[in-house]
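Heads up: the structure comes next, in structure tokens.
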Amino acid sequence: MTHRLMRRLAGVLLGGALAAGAAGGWALAAPAPNLSPPAAVRAEALRDTFLDPTGRVMVVAHRGCWKQTAENAVAGIEACVRLGVDMVELDVQRTRDGHLVLMHDATVDRTTNGTGRVADLTLAQVKALRLKAGAGGPGAPLTDWTPPTFAEAMAAARGRVLVNVDAKGDVNDQALRDLDAMGLAGQALFKSAAPPETADLAAILSREDLLFMPILREADGTSLALAPERYPRHPPAYELTFDREAYLAEGAPGLHARQARIWVNTLQPRHAAGHVDAEAVHDPEAHWGRLLAMGASIIQTDEPGALIAWLAERSRASAVTQ
């Protein structure tokens, strides 16, 4: 599939998710969640797929589908659901008065019209802000959306998409309490590069109903042959970051033997031996395809539409040749 056709298909897939903005653009209200019975059980099926080490390739949208909406926005979750994304990665941190909100950076400066550290702002102050479109930054247009609380984000995702909780700071325990209160603990994936004996992970690792994924980094000297032995229960997936392809290619068979999936990120060159979205959208087989061939089966991306379109075309081509 050509780059132009792939991007066009991705645009068609997402086009139904968002209406055109007003003249100023981006003045969109997040659509109300559609929790019809078929959608309400989708997350259960996605969880089963995640737990199947031989299952299909899964697509994770980094900070939601932000390129068409805003980072860590409810509208970005809605867009991902319509696109058919399997999981959204959301950044969670705590306000000064103890509430969990979505925000990647330590400050609100880049992604909102405000300034200051999240940890120094109250929930009311955060909710008074407006999110900037896309990746934000100077000159980015403002939306009508406010930074959501973690609970608001999970309500939007309920039953429809898995959520990777990327904890910014010591918030896992509180996030878990919120998830339990909402009955959504089984829909979330926690991850950490910390040793399994770390106190912050104790509650998570003790729960068989929770999804947990260790992060193993080549830069830390982590051995893929030895590191998994440290976990009391075999995790269903491992997130790998690596500078050399050999780290993935040589380590994958051992992780697969443990009935585990392998998660890779195509966000920055240091994440997956130089394989990045910016190049993958032009030559998906050389980048996304290369990582899959070496043993990955979950890809976190900033180009979920293009990845889904390529996977669909790849599946059709494979069916024709069989």
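Comparing Thr107, Thr222, Thr198 in a Gaussian network model of the chain, where Cα atoms under 10 Å apart are tied by springs, the biggest mean-square fluctuation is seen for Thr198.
Protein-only accessible surface at a 1.4 angstrom probe places the residues Ser297, Ser318 in the order Ser318, Ser297, largest first.
Note on region 182-234: Kirkwood radius taken over Cα pairs, Stokes-Einstein applied at 10 °C and 1.306 mPa s, translational D equal to 132 µm² s⁻¹. Taking only protein heavy atoms and a 1.4 Å probe, the accessible area of region 133-175 is 52% carbon and sulfur.
For region 53-175, the solvent-accessible area with a 1.4 angstrom probe is 32 square angstrom per residue. Each principal axis of the Cα cloud of region 103-261 was taken in turn, and the coordinate range along them, longest first, works out to 49, 37, 29 Å. Within the accessible area of region 186-245, the carbon and sulfur atoms contribute 51%, probe 1.4 Å, all protein chains present. Within the straight-line cut-off of under 19 Å between alpha carbons, the lysines reachable from Lys191 are Lys168, sequence neighbours fewer than 8 places apart in one chain being disregarded. The longest part of the chain holding none of the exposed loop trypsin sites (Lys or Arg not before Pro), meaning those outside H, G, I, E and B in DSSP with at most 12 other Cβ atoms within 10 Å, is 57-232. Estimated purely from DSSP H runs of n ≥ 4, each contributing -39500 (n - 2.57), the mean residue ellipticity at 222 nm for the chain is -9000 deg cm²/dmol once divided by its residues.
Taking every protein chain into account, the accessible area of region 189-317 amounts to 41 square angstrom per residue (probe 1.4 Å). Of the two radii for the chain, the radius of gyration is 0.95 times the Kirkwood radius, both from the alpha carbons; that is the Rg over Rh value.
The values are calculated or read from the model by the stated rules, or taken from the named source; none is laboratory data. All values derive from a computational prediction rather than experimental measurement. Reconstructed Cβ throughout: ideal geometry from the backbone, glycine too, with neighbour counts over all protein chains shown. The accessibility values were calculated without ligands, DNA or RNA, using every heavy atom of the protein model including side chains. Shrake-Rupley method; radii C 1.70, N 1.55, O 1.52, S 1.80 Å.
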